[in-house]
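Take a look at the structure set out below.
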């Protein structure tokens, strides 16, 4: 691991977690397969520097996770990047209204995601 930054990957698809995990292997990674688990990780006291958040998940969708995080002063400053198959304008706008830094549609370009994460975490 090169970086001391922690990225939380939240996705219910194991193949996406595997791809992102390999792509971001230089970071300290935390993984959640649903929104409820993601909130538990954030509330556990682990310092999260960035969240890659899927929207369509069981139990709690990514929009609700973002809403809860952004309305809590302790977690509102954590950057959120939505990575989702939802590509319509309504969802895109809704993601930004909830405080997302970026909104990337799946399938995603790995190099673009890596550069975006590096940019958001101010690392090279």
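Neighbour counts of C-beta atoms inside 10 Å place 92, 63 in the sequence 92, 63, starting with the fewest. Listed from fewest to most Cβ neighbours within 10 Å, the set 120, 5, 40, 106 follows the order 40, 106, 120, 5.
Over the chain, dividing the summed -39,500 (n - 2.57) contributions of all DSSP H runs of at least 4 residues by the number of residues returns a 222 nm mean residue ellipticity of -11000 deg cm²/dmol. Among 6, 105, sorting on how many other beta-carbon atoms sit within 10 Å of each Cβ, with the fewest leading, yields 105, 6.
Here each label is just a point 7 Å from Cα along the line to Cβ, and for residue 89 and residue 56 those points are 2.1 nm apart. Averaging Cα coordinates gives a centre for the range 3-45 and one for the range 89-106; these two points are 19 Å apart.
FRET efficiency for the pair residue 4 and residue 115, taken as 1/(1 + (r/R0)^6) with r the Cβ-Cβ distance and R0 = 22 Å, rounds to 0.70. Taking label points 7 Å from Cα along the Cα-to-Cβ direction, residue 75 and residue 47 give a separation of 1.8 nm.
Stretching residue 22 away from residue 106 to a fully extended chain increases their span by 28.6 nm, per 0.36 nm per residue minus the current alpha-carbon distance.
Coordinate-derived values only; no laboratory data. In this text the structure is predicted, and so the values were computed from the model without any measurement. Don't worry about glycine lacking a Cβ; one is built from the backbone with ideal geometry, like all the others, and counts go over all protein chains shown.
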